[in-house]
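Just so you know, all these numbers are worked out from the coordinates, no wet-lab data involved. All of these numbers come straight from a predicted model, not from anything done at the bench. We place every Cβ from the backbone using ideal geometry, glycine too, and count neighbours over all the protein chains shown.
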Amino acid sequence: MPRKKTAAAKTPRSRTRRIPSELTHLDARGRASMVDVARKPATRRRAVAEAVVRLDPAVREQLFAGALPKGEALAVARIAGIQAAKETSRLIPLCHPLPLAKVGVEFAPDRRDGVRITAEAVTVAPTGVEMEAMVAASVAGLTVYDMVKAVCRGARIEVVQLLHKSGGKSGDWNRSNGGNEA
């Protein structure tokens, strides 16, 4: 039986709408675009982010004591966070690869059922390290979750957020003062 001819699919013409200039990862036509930082000076930049993981208080005690069935969960999560920061440009499509001078990941108790993960990233580059700090905190939190899930099915990651950034043209920003310029 002969096949019916189908009309060729029409491709919509490109729309030329104006995109607000503050959206730096979009070009004037609204297409994704990597920001050109070639003319920006390399300056020292630092960012601090956090993630909070909630879990059963008894499991949290095991976590901080290094007594979980999977072993030293915080050591594994620290390495995972550092490695993730180094891979940020591979994970987030429009991020620039950066020469990281420092990545640190720390853990502290939060209330009676939480773990507060703080990640710091430092570079000397023409663009900031906010995404590297947030990716480090996120992946460290996911790793804690993975390490406790067998003994705490209700574990959850509550928040991932930027706490501080410094350096570059826009200067310092701190969440503690409502996000206003410092």
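Convex hull over the alpha-carbon atoms of region 43-177: what's its volume per residue in Å³?
On the way: hull volume 13.2 nm³, N = 135.
Normalising the Cα hull of region 43-177 by residue number yields 98 Å³.
Out of residues 5 or more away from L68 or on other chains, whose amide H comes under 5 Å of its own, with H placed 1.01 Å from N in the peptide plane?
Amide H to amide H, under 5 Å and 5 or more residues apart or across chains, L68 pairs with A73.
Enumerate the residues in region 93-125 having an amide nitrogen under 20 Å from the point lying 7 Å beyond the Cα of T24 toward its Cβ.
Correct set: 93-102, 120-125.
Report the label-to-label distance for S33 and K149 in nanometres (one decimal), using points 7 Å from each Cα along the Cα→Cβ vector.
Between S33 and K149, the label points sit 4.0 nm apart.
How big is D, in µm² s⁻¹, for region 64-110 by Stokes-Einstein at 37 °C and 0.692 mPa s if Rh is the Kirkwood radius over C-alpha pairs?
Roughly 264 µm²/s, to the nearest whole number.
With a 10 Å radius around each residue's Cβ, average the other Cβ atoms per peptide and rank 73-79, 87-93, highest first. Present the calculation step by step, with values, prior to reporting the outcome.
Working: 73-79: 18.9, 87-93: 14.0.
Per-residue mean Cβ counts within 10 Å order the peptides as 73-79, 87-93.
Counting only residues 5 or more places away or on other chains, whose amide H sits under 5 Å from the amide H of L26 once H atoms are built in the peptide plane?
S33
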